[in-house]
Amino acid sequence: MRPRAPRPDSLQSITVLEILEALDARHGEAGVPFKDLEVAAGSRLSFQALKDALNALVAEKAVARVSDKPARLRITAAGRAQLDSYRS
């Protein structure tokens, strides 16, 4: 039997969305480089927690990959709606 895959909690996902929203203003349509996201999240999340939350957000279509090499990410309308519902 395989061990269960780690599941991010909602606070980790919201943290990633908040960081992406803040960095999105600087990077625009090109997307946020993963390295910038990793640096910005370094004090709040472990690398594994960041990776798990980001993969879950991509699966939920709250975050979209703009390019794979180099990895660039953008927050989507669904991600903004999720973030807005958390804030209200």
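The values are calculated or read from the model by the stated rules, or taken from the named source; none is laboratory data. Since this is a predicted model, take the numbers as computed values, not measurements. Every residue, glycine as well, gets a Cβ built from its backbone with ideal geometry; the counts of neighbours run over all protein chains shown. Only protein heavy atoms, including side chains, enter the accessible area calculation; ligands, DNA and RNA are left aside. Shrake-Rupley method; radii C 1.70, N 1.55, O 1.52, S 1.80 Å.
Shown here: P(r) over Cα pairs in 10 Å bins from 0, in percent, derived from the displayed model; of the candidates [x] 13, 18, 20, 13, 13, 13, 9, 1; [y] 16, 31, 23, 15, 10, 4, 1; [z] 18, 54, 24, 4, 0, it corresponds to [z].
Run the helix sum for the chain: -39,500 (n - 2.57) per DSSP H stretch of 4+ residues, divided by residue count, reported at 222 nm to the nearest 500 deg cm²/dmol. Before the final figure, lay out each step's value.
Numbers: 4 runs with 50 residues, N = 88.
Calculated from helices alone, the mean residue ellipticity at 222 nm is -18000 deg cm²/dmol.
Peptides 73-81, 59-67 ordered by packing proxy, namely the average of other Cβ atoms within 10 Å per residue, highest first: 73-81, 59-67.
Among the protein heavy atoms of the chain, carbon and sulfur supply 53% of the accessible surface, probe 1.4 Å, non-protein parts ignored.
Can you give the accessible area per residue of the chain, in Å², using a 1.4 Å probe? Present the calculation step by step, with values, prior to reporting the outcome.
On the way: 5680 Å² over 88 residues.
Heavy-atom accessible area per residue stands at 65 Å².
Farthest toward the positive end of the dipole of the chain, out of A41, I19, L54, is the Cα of L54, where the dipole comes from beta carbon charges about the Cα centre.
Please give the peptides 17-26, 42-51 ranked by average Cβ packing (other Cβ atoms within 10 Å per residue), highest first, as a rough proxy for protection. Can you show the working numbers first?
Working: 17-26: 16.8, 42-51: 13.9.
Result, highest mean Cβ count within 10 Å first: 17-26, 42-51.
Which whole-number percent is the relative contact order of the chain (Cα, under 8 Å, 6+ apart)?
Numbers: 96 pairs, mean separation 29.5, N = 88.
That works out to 34 percent.
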